[in-house]
Amino acid sequence: MTGGRPATFSGGSLSGGQAVDFDDFVAARSTGLLRTAYLLTRDHALAEDLLQTAITKAWFAWSRIEGEPEPYVRRVLVNTFASWWRRKWNGEQAWAEPPEPEPSPDGGADAAVDRRHDLWVAMGRLPRRQRAVVVLRFVEDLSEAETARLLGISPGTVKSQTSKALAKLRIDPALAHQEEER
């Protein structure tokens, strides 16, 4: 890195106990971390901003990180997202809905896209903590304990937030028509 700071972290490893260079870590894990950021924010630009902020914070703490750096960076990502949702102003707000694409006559690929869109609409209606729990538990496939540690809450809170989120998703109008189709 620039500024005379060492870019090598001697305590962490991606695999095999070798030292992790900050640049190598960013190159290897930024795509996965960006996916997590997008699932939390539901906005590509905000996800990129969130990841950039988390990586910047990690760079300043790089020499102090012990063990694997990814859990540390992931926690910074989630904590930064949490601090953003506590703010009153979250940046620009869209004033109009984008135009809907014309449906295909067979409904094949479009139906899958529509179901995915409906899921994201329903996820967007969840409170941010519940959305974070669902993303970490079911998309990132983290355990209850890992999710609790990342969010700074108890495992019991993870369980209750998961239960509440899934209950809300079951009755969400965007997903209700999918149950009728089955």
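Pairing each residue of the range 70-89 that is within 15 Å of Gln130 (Cα to Cα) with any residue that is modelled with pLDDT under 90 and of a type in the set (D, E, K, R), provided the two are 6+ apart or on different chains, yields C-beta distances under 7 Å for Trp85/Arg128. The C-beta contact set for the range 147-169 (first residue under 18 Å from Ala82 (Cα atoms), second residue at pLDDT 90 or above and surrounded by fewer than 15 Cβ atoms within 10 Å (Cβ to Cβ), distance under 7 angstrom, 6+ apart or interchain) comprises Ala148/Ser154; Ala148/Pro155; Pro155/Ala145. Looking for something under 17 Å from Asp24 (Cα atoms), out of contact with any strand residue (DSSP E or B) (no Cβ under 8 Å at 6 or more places or on another chain), part of a helix (DSSP H, G or I) and modelled with pLDDT of 90 or more - is there at least one such residue anywhere in the range 74-95? Yes. A Cβ distance below 8 Å, combined with a sequence gap of six or more or placement on separate chains, defines the contacts here; from the range 109-133, residues that are surrounded by 14 or more Cβ atoms within 10 Å (Cβ to Cβ) reach residues that are at pLDDT below 85 and aromatic (Phe, Trp, Tyr) in the pairs Arg128/Trp85.
The values are calculated or read from the model by the stated rules, or taken from the named source; none is laboratory data. Since the structure is predicted, the reported quantities are computational estimates derived from the model, not experimental observations. Note that each Cβ is placed from the backbone with ideal geometry, even for glycine, and that neighbours are counted across all protein chains shown.
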